[in-house]
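Before any comments, here is the structure.
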């Protein structure tokens, strides 16, 4: 078959890949967006988006569409205390005054549709079986099903267990297994007005209101404390309720009249890892290139931020403004600087220090997110008339 030629072939079409495709397409590039899944479809995620990620949706003109999909605008954050839930209003900074936690089958589909509207070519239910290389060894495309998709760049956005990262031999620069785990479920009928965080000795429990008047209720704790939940089989809902009631009694009482309407999902000992982000003809974005324990709730924001950093760098190379080496250096430097603070805080939180230290770390996380949001809000919007290299 005649190869299909594109400027960029992106492997993985969820948050990181679809956002990268959207921005590159808006910049005028021919992008193929390939995923083995069909959409809409769900993926493992507690899907709350921090202020930095909401800033990105707002800058890209997608926040109204997310809200129109039925994801509630979150305008308060509550913290569990011995005296009850202490709530504070989400302040207006960096251009936004709300948070949001859209289900991934909605968010990922919305991003893919926006990318297609911008001119990207989506390939669904298409499995990438290998990379293509030119005579110099540079990656120049992928084998996707029974067809070849050629591109000047191949971007791996295929998740934590990225085949792209493995096939290009991306160096692992920093890797530790988290001692923590996170499990979650969806409930009907919970009286949650906003995001909630309930810190407890050796645990953090949270609530994220989402589509359909449902709430994602989750617990992060040392993996050893969650092993019974993991192995509970059909009793997982009961085990989850018991753990939450033990660690956050007030929330546990509020959950008694609520129905868990979906399977309990989660994982233990996920890696905190940073991979080499670029090489000859290839780049990594999202969890494929950088992953951290979900306790800090920053995964979607990482994906959006790094998608923009990568899109800006590739745009300059595709337009002949900078060399391959300059692209690699810029994306590497900016991504490394951007991820440093939250990664360090993530590792500290998953050690579950005493509550006073845990609270101090949460305040440091909030400050880091506010700095990141202000920085992102000040960048030119990719694809706009004012867009310039970062």
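The values are calculated or read from the model by the stated rules, or taken from the named source; none is laboratory data. The shown structure was predicted, so the numbers you read here are calculated from the model rather than taken from an experiment. For neighbour counting, all protein chains shown are included, and Cβ atoms are generated from backbone atoms with ideal geometry for every residue, glycine included.
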Consider only pairs whose beta carbons are under 9 Å apart and that are at least six residues apart or on different chains; among these, list those whose first residue lies in the range 145-162 and is without any contact (Cβ under 8 Å) to a residue 60 or more places away in the chain and whose second residue is surrounded by fewer than 20 Cβ atoms within 10 Å (Cβ to Cβ). 145/125; 145/127; 145/129
Taking residue 316 as the residue in question, decide whether it is closer than 28 Å to residue 222 by Cα, out of contact with any strand residue (DSSP E or B) (no Cβ under 8 Å at 6 or more places or on another chain) and assigned to a helix (DSSP H, G or I). no
Which of the residues spanning the range 362-385 are farther than 21 Å from residue 59 by Cβ and crowded, with 19+ Cβ neighbours inside 10 Å? 365
Residues that are at negative phi and surrounded by fewer than 18 Cβ atoms within 10 Å (Cβ to Cβ), at least 2 per element: which strands (runs of 3 or more DSSP E) completely within the range 213-299 meet that? 265-268
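Are there any strands (runs of 3 or more DSSP E) wholly within the range 116-174 with 3 or more residues that are surrounded by fewer than 18 Cβ atoms within 10 Å (Cβ to Cβ) and at pLDDT 95 or above, and if so which? Let's see the steps before the verdict.
Details: elements: 121-123, 128-133, 139-144, 147-156.
Per the criteria, 128-133.
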Number of the exception - residue 341 against (1) modelled with pLDDT of 95 or more; (2) more than 21 Å from residue 207 (Cα to Cα); (3) in contact with a strand residue (DSSP E or B) (Cβ under 9 Å, 6 or more places away or on another chain); (4) buried (at least 16 other Cβ atoms within 10 Å of the Cβ): (3)
Answer yes if at least one residue in the range 319-333 is without any contact (Cβ under 8 Å) to a residue 12 or more places away in the chain, closer than 16 Å to residue 180 by Cα and surrounded by fewer than 18 Cβ atoms within 10 Å (Cβ to Cβ), and no otherwise. no
